[in-house]
């Protein structure tokens, strides 16, 4: 079974503090066999400029790892999947990062970015895009 996540090139230094960052070996254009994934490393500790952002396809074995991580979690900080993925990589599971190259990534985990996403899609909607554009134009006067 393939195990992968979508990755994107980091375009702003603040993203090193918002996303997990991967590194590894390229196996073909836009596909990286991951050797490391580090959650929110900051720019100075980032292993690359590829952020792990979405669309995780994970094997069933992850549930055993999740159970163990849950038992060890002290309730402080954020419970994230990236350290669990790193443990699985260390245990011999292959994970791949597939780069988003022909599309736009929308961060719907951030409230402002989510709002921007809804507006972007609303403006493109053939049924109400024009009305939304008129509303926004009126509001911005």
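For region 25-41, a tally of residues being in contact with a strand residue (DSSP E or B) (Cβ under 6 Å, 6 or more places away or on another chain) and within 18 Å of residue 81 (Cα to Cα) returns 8.
When region 92-106 is filtered for residues that are touching a helix residue (DSSP H, G or I) at 6+ places or on another chain (Cβ under 9 Å) and without any contact (Cβ under 8 Å) to a residue 60 or more places away in the chain, the ones remaining, listed by number, are 104, 106. Is it fair to say residue 80 is at pLDDT below 95 and exposed (fewer than 10 other Cβ atoms within 10 Å of the Cβ)? Answer is no for this residue.
The values are calculated or read from the model by the stated rules, or taken from the named source; none is laboratory data. What you see is a predicted model, and the numbers here were worked out from it, not measured in a lab. Cβ coordinates were reconstructed from backbone atoms using ideal geometry, including for glycine residues, and neighbour counts include every protein chain displayed.
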